[in-house]
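To keep things clear, I will list the structure first and then write my remarks on it.
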Amino acid sequence: MFRVVLGIVLSALCLPAFGEGNAARGKELATTCVACHAEDGNSPAGSFPSIAGQQPKYLLKQLQDIKSGARSAPLMTGQLDNMGDQDLLDIATYYSEQTIKGGSAKAELAELGETVYLAGIKRKGVAACTACHQPDGAGIDAAKFPALSGQWPEYTVSQLKAFRSGERSNDGDGKMMRTVAMDLSDAEIEAVASYLYGLK
(Lines give C-alpha, C1' and ligand atoms only; values in the text may rest on other atoms or scores of the structure.)
Protein backbone atom coordinates (compact mmCIF):
# COMPACT_ATOMS: atom_id res chain seq x y z
CA MET A 1 0.00 0.00 0.00
CA PHE A 2 2.83 2.39 0.92
CA ARG A 3 4.47 1.90 -2.48
CA VAL A 4 1.20 2.65 -4.27
CA VAL A 5 0.70 5.85 -2.27
CA LEU A 6 4.35 6.87 -2.77
CA GLY A 7 4.01 6.30 -6.51
CA ILE A 8 0.90 8.50 -6.64
CA VAL A 9 2.62 11.28 -4.65
CA LEU A 10 5.74 11.18 -6.83
CA SER A 11 3.63 11.18 -9.95
CA ALA A 12 1.71 14.21 -8.70
CA LEU A 13 4.98 16.01 -8.06
CA CYS A 14 6.22 15.07 -11.56
CA LEU A 15 9.23 13.34 -10.02
CA PRO A 16 10.60 10.07 -11.43
CA ALA A 17 9.62 7.10 -9.28
CA PHE A 18 13.01 5.44 -9.08
CA GLY A 19 15.81 5.27 -6.55
CA GLU A 20 19.35 6.49 -6.22
CA GLY A 21 21.87 5.85 -8.95
CA ASN A 22 23.99 2.70 -8.68
CA ALA A 23 27.41 3.33 -10.24
CA ALA A 24 28.47 -0.34 -10.18
CA ARG A 25 25.32 -1.37 -12.03
CA GLY A 26 25.76 1.61 -14.36
CA LYS A 27 29.22 0.37 -15.32
CA GLU A 28 27.75 -3.00 -16.27
CA LEU A 29 24.97 -1.39 -18.30
CA ALA A 30 27.43 0.92 -20.07
CA THR A 31 29.19 -1.86 -21.99
CA THR A 32 27.51 -0.69 -25.20
CA CYS A 33 28.61 2.91 -24.51
CA VAL A 34 32.32 2.04 -24.46
CA ALA A 35 32.85 2.07 -28.23
CA CYS A 36 32.09 5.80 -28.48
CA HIS A 37 32.56 7.13 -24.94
CA ALA A 38 35.27 4.74 -23.63
CA GLU A 39 35.03 2.84 -20.37
CA ASP A 40 35.97 5.88 -18.30
CA GLY A 41 33.82 8.34 -20.26
CA ASN A 42 36.76 10.06 -21.99
CA SER A 43 35.77 9.51 -25.60
CA PRO A 44 38.53 8.61 -28.06
CA ALA A 45 37.42 11.15 -30.69
CA GLY A 46 36.04 14.68 -30.70
CA SER A 47 32.93 13.67 -32.61
CA PHE A 48 31.71 11.93 -29.45
CA PRO A 49 31.27 13.81 -26.17
CA SER A 50 33.43 12.97 -23.21
CA ILE A 51 30.92 12.29 -20.44
CA ALA A 52 33.34 11.56 -17.60
CA GLY A 53 32.61 13.82 -14.65
CA GLN A 54 29.41 15.11 -16.23
CA GLN A 55 26.68 16.36 -13.89
CA PRO A 56 24.43 13.31 -13.27
CA LYS A 57 21.07 15.09 -13.54
CA TYR A 58 22.10 16.72 -16.80
CA LEU A 59 23.39 13.43 -18.20
CA LEU A 60 20.20 11.63 -17.15
CA LYS A 61 18.10 14.31 -18.88
CA GLN A 62 20.10 13.95 -22.09
CA LEU A 63 19.73 10.17 -22.05
CA GLN A 64 15.99 10.51 -21.49
CA ASP A 65 15.71 13.12 -24.24
CA ILE A 66 17.64 10.95 -26.68
CA LYS A 67 15.49 7.94 -25.85
CA SER A 68 12.25 9.91 -26.26
CA GLY A 69 13.40 11.68 -29.43
CA ALA A 70 13.39 15.14 -27.82
CA ARG A 71 17.09 15.31 -28.71
CA SER A 72 18.33 13.98 -32.02
CA ALA A 73 21.34 11.68 -31.75
CA PRO A 74 21.33 9.38 -34.81
CA LEU A 75 24.41 7.44 -33.68
CA MET A 76 22.55 6.42 -30.51
CA THR A 77 19.46 5.15 -32.33
CA GLY A 78 18.24 2.01 -30.58
CA GLN A 79 20.94 2.06 -27.91
CA LEU A 80 18.56 3.09 -25.12
CA ASP A 81 15.32 1.51 -26.32
CA ASN A 82 15.29 -1.32 -23.78
CA MET A 83 16.42 0.79 -20.82
CA GLY A 84 14.20 2.23 -18.11
CA ASP A 85 14.77 5.41 -16.14
CA GLN A 86 16.61 3.54 -13.37
CA ASP A 87 18.99 2.06 -15.95
CA LEU A 88 19.68 5.51 -17.37
CA LEU A 89 20.19 6.94 -13.88
CA ASP A 90 22.68 4.20 -13.06
CA ILE A 91 24.66 4.91 -16.24
CA ALA A 92 24.59 8.65 -15.55
CA THR A 93 25.78 8.02 -11.99
CA TYR A 94 28.65 5.81 -13.15
CA TYR A 95 29.97 8.30 -15.69
CA SER A 96 29.51 11.25 -13.32
CA GLU A 97 31.95 9.58 -10.93
CA GLN A 98 34.72 9.30 -13.53
CA THR A 99 37.36 11.98 -14.10
CA ILE A 100 37.54 13.95 -17.33
CA LYS A 101 41.00 14.31 -18.87
CA GLY A 102 40.62 17.33 -21.14
CA GLY A 103 43.51 18.93 -22.97
CA SER A 104 44.96 22.34 -23.78
CA ALA A 105 43.47 25.40 -25.42
CA LYS A 106 45.06 26.67 -28.61
CA ALA A 107 47.24 29.64 -27.69
CA GLU A 108 45.86 31.81 -30.50
CA LEU A 109 42.27 31.22 -29.34
CA ALA A 110 42.75 31.36 -25.57
CA GLU A 111 42.23 35.09 -25.03
CA LEU A 112 39.02 35.38 -27.03
CA GLY A 113 37.71 32.10 -25.61
CA GLU A 114 38.38 33.20 -22.06
CA THR A 115 36.69 36.56 -22.65
CA VAL A 116 33.55 34.99 -24.12
CA TYR A 117 33.35 32.39 -21.35
CA LEU A 118 34.04 34.67 -18.38
CA ALA A 119 32.51 37.96 -19.55
CA GLY A 120 30.19 37.21 -22.46
CA ILE A 121 29.94 39.67 -25.35
CA LYS A 122 28.38 42.88 -24.09
CA ARG A 123 27.90 44.54 -27.48
CA LYS A 124 25.85 41.52 -28.62
CA GLY A 125 24.05 41.00 -25.33
CA VAL A 126 25.60 37.53 -24.95
CA ALA A 127 25.73 36.53 -21.29
CA ALA A 128 28.84 35.08 -19.67
CA CYS A 129 28.86 31.28 -19.77
CA THR A 130 29.96 31.25 -16.12
CA ALA A 131 26.46 32.25 -14.97
CA CYS A 132 25.22 28.72 -15.64
CA HIS A 133 28.38 26.65 -16.01
CA GLN A 134 30.53 28.21 -13.23
CA PRO A 135 34.02 29.73 -13.63
CA ASP A 136 35.66 26.30 -13.50
CA GLY A 137 33.20 24.81 -16.00
CA ALA A 138 31.81 22.32 -13.48
CA GLY A 139 28.15 23.07 -14.24
CA ILE A 140 25.30 23.05 -11.72
CA ASP A 141 23.71 19.67 -11.05
CA ALA A 142 20.52 20.94 -9.36
CA ALA A 143 19.70 23.09 -12.40
CA LYS A 144 20.79 20.39 -14.88
CA PHE A 145 23.45 22.71 -16.32
CA PRO A 146 26.26 20.60 -17.77
CA ALA A 147 29.93 20.53 -16.93
CA LEU A 148 31.89 21.91 -19.89
CA SER A 149 35.52 21.81 -18.78
CA GLY A 150 37.70 19.36 -20.67
CA GLN A 151 35.12 18.71 -23.39
CA TRP A 152 36.39 18.01 -26.90
CA PRO A 153 36.36 21.28 -28.90
CA GLU A 154 34.87 19.55 -31.93
CA TYR A 155 31.91 18.39 -29.89
CA THR A 156 31.36 21.77 -28.23
CA VAL A 157 31.50 23.50 -31.62
CA SER A 158 28.96 21.09 -33.10
CA GLN A 159 26.54 21.57 -30.20
CA LEU A 160 26.79 25.36 -30.15
CA LYS A 161 26.18 25.46 -33.88
CA ALA A 162 23.24 23.06 -33.49
CA PHE A 163 21.72 25.36 -30.85
CA ARG A 164 22.41 28.38 -33.06
CA SER A 165 20.60 26.85 -36.03
CA GLY A 166 17.78 25.44 -33.90
CA GLU A 167 18.69 21.89 -34.90
CA ARG A 168 19.13 21.18 -31.18
CA SER A 169 16.25 22.47 -29.12
CA ASN A 170 16.14 20.53 -25.85
CA ASP A 171 17.23 23.53 -23.78
CA GLY A 172 13.74 24.17 -22.40
CA ASP A 173 10.96 26.62 -23.13
CA GLY A 174 13.23 29.53 -22.23
CA LYS A 175 15.48 28.64 -25.19
CA MET A 176 18.47 29.58 -23.05
CA MET A 177 21.19 28.02 -25.20
CA ARG A 178 19.51 28.83 -28.49
CA THR A 179 19.32 32.47 -27.43
CA VAL A 180 22.99 32.62 -26.38
CA ALA A 181 24.32 30.73 -29.40
CA MET A 182 22.20 32.73 -31.86
CA ASP A 183 24.60 35.68 -31.75
CA LEU A 184 27.89 33.80 -31.58
CA SER A 185 30.08 33.88 -34.68
CA ASP A 186 31.96 30.81 -35.88
CA ALA A 187 35.20 32.37 -34.60
CA GLU A 188 33.72 32.98 -31.14
CA ILE A 189 32.37 29.45 -30.99
CA GLU A 190 35.74 27.98 -31.98
CA ALA A 191 37.52 30.12 -29.39
CA VAL A 192 35.25 29.31 -26.45
CA ALA A 193 35.28 25.60 -27.36
CA SER A 194 39.09 25.61 -27.37
CA TYR A 195 39.17 27.48 -24.04
CA LEU A 196 36.83 24.94 -22.44
CA TYR A 197 38.98 22.02 -23.58
CA GLY A 198 41.84 23.38 -21.51
CA LEU A 199 39.76 24.58 -18.56
CA LYS A 200 40.54 22.72 -15.34
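The values are calculated or read from the model by the stated rules, or taken from the named source; none is laboratory data. The structure presented is a predicted model; accordingly, all values stated were derived computationally and were not measured. So basically every Cβ, Gly included, is an ideal-geometry build from the backbone, and we count neighbours across all protein chains shown. Remember, those area values only see protein heavy atoms, side chains included, never the ligands or the DNA or RNA. Shrake-Rupley method; radii C 1.70, N 1.55, O 1.52, S 1.80 Å.
Compute the long axis of helix 85-96 from its Cα atoms, compare it with the longest principal axis of the Cα atoms of the chain, and write down the angle in degrees, 0 to 90, nearest 10. Tilt of helix 85-96: around 40 degrees.
Label-to-label distance, Ile140 versus Lys200, with points set 7 angstrom from Cα along the beta-carbon direction: 2.6 nm.
Nonpolar atom fraction for the stretch 139-189, defined as the carbon and sulfur part of the 1.4 Å probe accessible area, stands at 57 percent. In the chain, the longest principal axis of the Cα atoms and the axis of helix 186-198 are about 60 degrees apart. When the helices of the chain are scored as -39500 (n - 2.57) per DSSP H run of n ≥ 4 and the total is divided over every residue, the value at 222 nm lands at -14000 deg cm²/dmol. The length gained by stretching the chain between Lys175 and Ala70 to full extension, at 0.36 nm per residue less their Cα-Cα distance, is 36.4 nm. By the rule of a C-alpha distance below 28 Å, with chain neighbours fewer than 8 residues away ignored, the lysines paired with Lys175 are Lys57, Lys61, Lys67, Lys122, Lys124, Lys144, Lys161, Lys200.
Roughly what angle does helix 153-165 make with the longest principal axis of the chain, taking Cα atoms, 0 to 90 degrees, to the nearest 10? The angle comes out at about 90 degrees. A crude spin-label estimate for the pair Cys36 and Thr77, with each label 7 Å from Cα along the Cβ direction, gives 1.2 nm.
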